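First comes the structure, then the notes that go with it.
Read-outs: derived from the displayed coordinates by stated rules, not from any lab. The structure displayed is predicted, hence computed values, not measured ones. Please note: Cβ atoms are built from the backbone with ideal geometry, for glycine as well, and neighbour counts cover all protein chains shown.
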Amino acid sequence: MAKIDAFFHLMHDQGASDLHLVAGQQPALRIRGEIERIKYDKLTNEELKVLLYEITPEHKIKQFEETGDIDFAYEIPSLARYRANFFQQKHGIGAVFREIPSKIATCTELGLPSIVAKLATLPRGLVLVTGPTGCGKSTTLAAIIDEANRLRKDHIITIEDPIEFVHQTQGCIINQREVGIHTKSFAAALRGALREDPDIILVGEMRDLETMSLALEAASTGHLVFATVHTTNAAKTVDRIIEVFPAHEQLQIRSTLADGLRAVISQILFKRVDIKGRCVALEILIATPAVRNLIRESKTYQIPSVIQTGKKYGMQLMDDGILDLYNRGWISSDEAYIKANDKSRFRPFLKYPPSDFTEA
């Protein structure tokens with residue numbers, strides 16, 4: 001057993017989502033969204049390097065010493081998998097580990113609306129899951145892929161950096177590829193995937209123009225493509241994808257995206273106040289004909305209005321999702337107010353409403 005494994009066992013026992021190890025500081029855990037220090041001596045740079053390098057593949061050590069950043073996955077059998085990120089900082093080495101449960105939670109267990117699970121049955125198109133880092137995008141996508149794996153008899157290819165949730169073959173053949181080990185890049189793997197007879201392709205992250213272009217191409221040629229984007233709501237997600245492309249290509253991309261897009265799910269995590277744990281608020285956009293027209297006509301600023309009137313299709317604004325969690329007694333009025341878009345809607349729930357200069 002590696003020496004660092006003791007921290008992972010503590011992390012698991014405490015129900016922490018992340019472990020922070022930084023030279024010159026005490027180790028820390030993120031528990032229910034908040035950082036808590038571990039009662040342990042401050043780690044020196046040399047001590048921490050020995051701890052980390054014991055579990056790091058040799059080629060990753062070489063890459064880290066050349067670039068100052070690496071990502072990889074580490075697994076403790078029968079406990080969990082961990083997504084690791086190492087980085088260089090002012091006082092030496094730093095590392096953050098995110099725990100990835102060995103059991104994949106279903107959409108029902110995660111409390112996701114039924115429309116989310118139905119996305120796993122789509123024949124083709126592009127489905128995007130968006131939100132800030134650490135908001136549970138990978139967990140939501142894993143649940144959707146697991147749903148497809150159970151219900152369908154198809155070929156699923158995942159392209160990740162690194163592989164997070166490990167899927168076992170059920171109704172589908174499933175192949176998981178890790179960038180840097182099994183393929184050079186997301187774009188290279190996507191190009192290859194189109195020749196590998198896939199029905200469903202999961203792209204861990206759409207980071208650049210080439211990856212976005214290939215994902216759109218795959219979605220428009222009869223494949224079902226799931227991907228993540230670091231955006232905060234449905235309208236901004238559409239704009240972000242289009243704006244990545246050169247100006248002279250944007251008209252064509254608007255048309256391609258309008259035809260290929262099936263849904264956008266944006267999410268935010270909240271700390272629960274009724275029990276230990278966290279819950280997620282969702283904004284859901286379903287690409288109806290009205291939505292497609294807004295994308296083609298560069299009227300994405302009208303998308304929130306379409307979401308508001310599209311509840312019969314399973315659509316939902318983020319603030320409605322937050323309000324639902326608040327009404328259930330799952331989240332505090334303060335956190336609901338802080339993370340809401342229309343703060344005036346949540347202001348009456350506060351005991352001591354702040355004087356927010358941004359509302360002036």
Using a 7 Å offset from Cα along Cα-Cβ at ASN45, what residues in the stretch 88-108 end up with backbone N under 16 Å from the label point? 88-95
For the stretch 129-157 and the stretch 275-312, what is the centre-to-centre distance using only Cα atoms, to the nearest Å? 19
With only Lys, Arg, Asp and Glu charged, each at its Cβ (+1 for the first two, -1 for the last two), find how big the charge dipole of the stretch 5-101 is about the Cα centre; round to the nearest 20 debye. 260
Using the membrane-span-like helix rule (whole DSSP H runs, Cα extent along the own axis of at least 20 Å, mean Kyte-Doolittle hydropathy at least -1.0), which helices of the chain qualify? 137-151
Below 8 Å between Cα atoms, with a sequence gap of 6+, how large is the relative contact order for the chain in percent? 12
If R0 is 30 Å, what FRET efficiency do you get for ASP5 and GLU66 from their C-beta distance, rounded to 0.05? 0.65
Nearest-0.05 FRET efficiency for HIS155 and LYS276 at R0 = 56 Å, using Cβ-Cβ distance, is 0.90
Tell me the Kirkwood radius of the chain: reciprocal of the mean inverse pair distance over distinct alpha-carbon atoms, in Å. 21.9
Explain nothing, just compute: Karplus ³J(HN,Hα) = 6.51 cos²θ - 1.76 cosθ + 1.60, θ = phi - 60°, for every residue of the stretch 112-122 in order, whole Hz, x for Gly and Pro. 7, x, 4, 5, 5, 5, 5, 4, 5, 9, 4
At R0 = 35 Å, FRET efficiency that the Cβ-Cβ distance of GLU210 and LYS103 yields, to 0.05: 0.50
Sorting HIS248, THR288, THR139 by the position of each Cα along the dipole of the chain (Lys, Arg +1; Asp, Glu -1; all at Cβ), the one nearest the positive end of that ordering is THR288
Between GLN308 and GLU249, the two model label points (7 Å from Cα along the beta-carbon direction) sit apart by a distance in nm of 3.5
Student exercise, the stretch 114-344 dipole from Lys, Arg, Asp, Glu Cβ charges, in Debye to nearest 20: 420
